[in-house]
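Everything below concerns the one structure shown next.
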Ligand code: GUN
């Protein structure tokens, strides 16, 4: 029998706890936790993500500062905005929603975010700290996955963990977090040989490749924990993950659904990171 790790429920619980902590911080310091959210252009998916992030700020007592820029914003305009947010003491975290419209250099924009305000955990400084197992701002999606594993006390020490996908945002930091938690980690990608066999040995399998229902039951070990980071549309346009959920669930001990799995946790960890950044700013 498999158990669903309910990301929506865990996220709601964590947001309620965070709200109390944020209120206590404000009572103690007289400061609000401030998160700036920058959205350039009108990508529909980005608009939904940003709306959800702003709503989560409201739920957790964090002051959101939203900046909507037109798709034809110039490089220097967006850089000017981010530089001003970097210098603003009321802003503890800066999130620039990706992807930026064509023609803009995202790396240069993100490079203007001081690592102390890098609530996405994308900066070289924060990734380097993570690699060295130092306290740092951790990328929200893999951080949320760790919280989900923790919530069910799933053992990681000495276990085989397989991560599918080597993105800077999910796969690589996920592999580092699992390594720091003493798992034996294999990071797989599009060039990996014997991928199916490697997956079938995983005690913990994290799929983050963006291919609908890629992970099939034959790739999953009996009793494995399967975490689905994917957010795709199936042939009928229905939201689905990277895992063939209906078939894989019969073999898994734990599995995360899409939607209602990792997604709500990602945004919750963004709020968590904004709070950490605010606390550090007064230390
Ligand atoms: N676009 C898709 N996912 C993310 C994310 O986690 N952070 C930002 N900034 N943009 C994204």
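A few comments on the model shown:
- Between residue 131 and residue 17, the distance separating the two model label sites (each 7 Å from Cα on the Cα→Cβ line) works out to 3.1 nm.
- Mean residue ellipticity, 222 nm, helices only, the chain: the sum of -39500 (n - 2.57) across DSSP H runs of n ≥ 4, divided by residue count and rounded to 500, is -13000 deg cm²/dmol.
- The alpha carbon centroids of the stretch 8-40 and the stretch 58-91 are separated by 18 Å.
- Relative contact order (percent, whole number), the stretch 1-116, Cα cutoff 8 Å, 6+ residue spacing: 30
- Residues 102, 8, ranked from the fewest to the most other C-beta atoms within 10 Å, line up as 102, 8.
- FRET efficiency, residue 66 to residue 189 (Cβ-Cβ, R0 25 Å, nearest 0.05): 0.10
- Rounded to 5, percent antiparallel among DSSP beta bridges of the stretch 191-283: 20
- Protection-proxy order for peptides 56-67, 168-179, each taking the mean of Cβ atoms within 10 Å per residue, highest first: 168-179, 56-67
- Antiparallel beta bridges, as assigned by DSSP with both residues in the stretch 117-254, represent about 10 percent of the total such bridges.
- Calculated FRET value between residue 167 and residue 90, using beta carbons and R₀ = 41 Å, to 0.05: 0.80
- Here the calculated FRET efficiency for residue 253 and residue 47, from their Cβ-Cβ distance with R0 = 22 Å, stands at 0.05, rounded to the nearest 0.05.
- Helix 75-87 axis, angle to the chain major axis (alpha carbon atoms, nearest 10°): 80
- Bridge type composition, the chain - antiparallel percent by DSSP, nearest 5: 5
- Cα long-axis angle, helix 171-180 against the chain (0 to 90 degrees, to the nearest 10): 80
- The angle separating the long axis of helix 262-281 from the principal Cα axis of greatest extent in the chain is about 40 degrees.
Rule-based calculations on the coordinates, nothing more; no lab input. Note that the structure is predicted; figures quoted are calculated from it, not measured. Using ideal geometry, Cβ is built from the backbone for each residue, glycine included, and neighbour counts are taken over all protein chains shown.
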